Amino acid sequence: MKRDVHDQARELIALQKDLSVAEQQFLQTHLRECPSCNEFAEATNRVVRSLRSVPIAADARLVRATQMRVRFHAERLREARERMWLVGMACLGVGLSATLSVPLLWRLFGWMGHQAGVSSAVWQVGFACLWIVPALVVGATLLVRGTHATNDGKG
């Protein structure tokens, strides 16, 4: 269904600030040629100007309540930023400790496997489980706790 040129012009008049160059050119050309749409544009501009000239005062209770909510959300954002910093430092610590300990644990498992007479594949699987399973358990625990924390206990 094709829109009427006048409907399109009125829609652009309502949007005025968010128009592309092509839309602005179309609207200017149409307003010069169409007295009805030109009158609509002038009336719209008068209404907007009159609405902007009316001072709006907020009730003191509304201002205090809004300030309280803004402070509350700012505090929550600050706390979230601090938590993310702690998470970042924890990740850095885990990465550093893993970098230092994994080669030593690899050698330890290799030595224990050799002493126990176990094949290389068996002690390597054991090492992989020791290395991966704790991370999976901690990740799943944090995921479950994080899910409950974000729901605030609601469902």
query: Using θ = phi - 60° and the Karplus form 6.51 cos²θ - 1.76 cosθ + 1.60, what ³J(HN,Hα) does each residue of region 85-99 get, whole Hz, x for Gly and Pro?
result: 5, 5, 4, x, 5, 5, 4, 4, x, 5, x, 5, 5, 5, 4
- request: Rank these for me by crowding, Thr44, Thr29, going from fewest to most other beta carbons within 10 Å.
  value: Thr29, Thr44
- line: Cα-based Debye curve of the chain sampled at q = 0.17 Å⁻¹ gives log₁₀ I(q)/I(0) of -1.05
statement: The ³J(HN,Hα) series, computed from each phi in region 110-119 with the Karplus coefficients 6.51, -1.76 and 1.60 at θ = phi - 60°, rounded to the nearest Hz and given as x for glycine or proline, is x, 5, 5, x, 5, 5, 7, x, 8, 5
- prompt: Rg and Dmax of region 5-53, Cα atoms, in Å?
  reply: 10.7, 32
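For region 47-92, what ratio Rg/Rh do Cα atoms give with a Kirkwood hydrodynamic radius? Could you put the intermediate results ahead of the total?
On the way: Rg = 19.5 Å, Rh = 13.9 Å.
Across region 47-92, the Cα-based Rg/Rh ratio is 1.40.
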task: Read phi for every residue in region 13-26 and hand back ³J(HN,Hα) as whole Hz from Karplus 6.51 cos²θ - 1.76 cosθ + 1.60, θ = phi - 60°, with x for Gly and Pro.
output: 4, 5, 8, 3, 6, 9, 9, 6, 4, 5, 5, 4, 5, 4
task: Calculate for the chain the 222 nm mean residue ellipticity that helices alone would give, adding -39,500 (n - 2.57) per DSSP H run of length 4 or more and normalising by residue count, nearest 500 deg cm²/dmol.
output: -30500 deg cm²/dmol
field: Where no second cysteine Cβ lies under 4.7 Å, the cysteines concerned in the chain
entry: Cys91, Cys129
message: Restricting to Cα atoms and excluding each atom paired with itself, what does the Kirkwood estimate give for region 60-151 in Å?
response: 17.3
statement: Candidates Ser97, Ser20, Ser119; GNM for the chain (alpha-carbon contacts under 10 Å) flags as most fluctuating Ser20
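So which trypsin sites (Lys or Arg not before Pro) in region 1-50 end up in coil per DSSP with only 12 or fewer other C-beta atoms within 10 Å?
Lys2, Arg3
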statement: Out of Ala140, Ala65, Ala128, a Gaussian network model of the chain with alpha-carbon springs under 10 Å gives the largest mean-square fluctuation to Ala140
query: For the chain, modelled as a GNM with alpha-carbon contacts under 10 angstrom, which of Pro35, Pro103, Pro55 fluctuates the most?
result: Pro35
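Here, each number is a calculation from the coordinates, and none is a lab measurement. Since the structure is predicted, the reported quantities are computational estimates derived from the model, not experimental observations. Using ideal geometry, Cβ is built from the backbone for each residue, glycine included, and neighbour counts are taken over all protein chains shown.
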